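Since the structure comes first, as structure tokens, the remarks are kept for the end.
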Amino acid sequence: MATTLRLRRNPTATTAGRASWEEPPSAVGLVGKGTVIFLMLAAVLVPLWVVVLTSFSTVGAIGRAGGLVIWPDGLTLDAYTQMLTNSQIIKALVVSLLVTVIGTAVSMVVSVLCAYGLSRSGSLGHRLILLVLVLTMFLSGGMIPTYLVVTGLGGYGQYWALILPSAISVFNILVLRNFYASTSAELIDAAKIDGAGDWRTLWSVVLPTSKAVTAVITLFYGVGYWNSFFNVMLYMPTESEKWPLQYVLLQYVSEGMGMPGSVDNGASAGHAQAAPLSLQMAVVVLTLVPILMVYPFMQKHFRTGVLTGAVKG
């Protein structure tokens with residue numbers, strides 16, 4: 001005699017990813033959510049599309065559009081050819097890359113060491129140091145005292161003035177500290193039993209278990225150095241040889257200056273003269289490319305990195 005088995009439905013089972021006690025979405029709600037997502041995507045993608053398309057547009061296309069180009073109409077590489085053959089743009093790009101790489105490395109070394117020391121409850125004076133660091137988030141000497149200190153130490157016109165005055169972010173240190181404090185005590189105790197000191201524990205136990213937050217904080221520092229231009233205004237001379245790319249962008253786009261270090265406003269031999277607006281947008285694209293290349297690889301670390309480091313501890 002055949003036996004029929006009937007499976008009871010789990011009251012907590014989900015239908016299409018939704019718990020059984022949740023009401024199904026209404027048509028109005030779905031349309032509203034879709035509209036909001038579409039508007040958010042449009043707010044991001046449309047300006048990016050306009051900037052990129054204008055950088056590839058000819059003088060005639062920009063003239064017919066009356067400014068920024070929305071629809072392709074005569075594409076050319078003259079702006080990029082003119083920009084990438086300009087010695088000052090190339091030098092500014094190299095300066096920005098070096099400042100970003102060296103500055104990020106310095107900031108991460110100091111921040112990791114400081115955060116690890118503050119995360120150990122038995123470290124000397126960690127509560128007082130933590131209090132002083134937190135106070136600096138709300139109280140600071142201001143721009144003029146900082147300028148006097150940096151210039152008094154001979155930093156005017158030196159590249160280190162673009163790194164050291166902004167090398168430390170207390171917020172980033174606190175995020176790292178909270179994450180390190182949540183590291184499994186059993187792992188640290190096991191490392192100590194095996195004879196590992198603080199340096200070996202940090203390198204072999206804490207950092208490998210904190211790759212997500214380390215990657216995110218590294219990205220924060222890198223983006224900060226890459227986009228920084230205010231320190232250039234304070235500590236660099238008016239000569240353009242030491243300007244990073246962001247300050248060249250500020251001078252060329254916002255202040256309306258011609259492209260520096262070129263003849264006939266940057267026209268290169270054998271290539272047509274690009275429109276000034278097309279050149280401006282090409283410089284904007286050049287500053288965006290490195291960040292756009294890095295972000296997709298770092299996006300997966302944001303939730304596990306920043307949120308965990310900020311909530312735990």
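All of the numbers you see were taken from the coordinates with simple rules; none came from a lab. A quick note: this is a predicted structure, and the numbers were derived from the prediction, not measured. Reconstructed Cβ throughout: ideal geometry from the backbone, glycine too, with neighbour counts over all protein chains shown.
So here's what we get for this one:
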item: Peptides 44-52, 224-232 ordered by average Cβ neighbours within 10 Å, highest first; result: 224-232, 44-52
item: Residue-span extension gain [E23 to L288] - 0.36 nm each, minus C-alpha spacing; result: 91.1 nm
item: Förster radius 30 Å - calculated FRET efficiency between F171 and R200 (Cβ-Cβ, nearest 0.05); result: 0.60
item: Percentage relative contact order, region 61-206, counting C-alpha pairs under 8 Å, at least six apart; result: 27
item: Net charge of neighbours whose Cβ lies under 10 Å from the Cβ of A92, counting Lys and Arg as +1 and Asp and Glu as -1; result: +1
item: Net charge of Cβ neighbours under 14 Å - reference L118; Lys, Arg +1; Asp, Glu -1; result: +2
item: For region 228-234, 3J(HN,Hα) per residue [Karplus equation, 6.51 cos²θ - 1.76 cosθ + 1.60, θ = phi - 60°, Hz, x = Gly/Pro]; result: 6, 9, 5, 5, 5, 4, 8
item: Pairwise label distance in nanometres, L250 with V52, each label 7 Å out on the Cα-Cβ vector; result: 2.8
item: Other-chain or far-sequence residues with amide H under 5 Å of S57's (modelled H); result: T76
item: Estimated vicinal HN-Hα couplings, Hz - region 100-106 in sequence order (Karplus 6.51, -1.76, 1.60; Gly, Pro = x); result: 5, 5, 5, x, 5, 4, 4
item: Cα-projected label distance for I193 with L131, points at 7 Å along beta-carbon direction, nm; result: 3.7
item: Average Cα contact separation per residue, region 27-75, under 8 Å, 6 or more apart, as relative contact order %; result: 31
item: Rounded FRET efficiency, nearest 0.05, which uses the C-beta distance separating S184 from L234 and R0 of 51 Å; result: 0.70
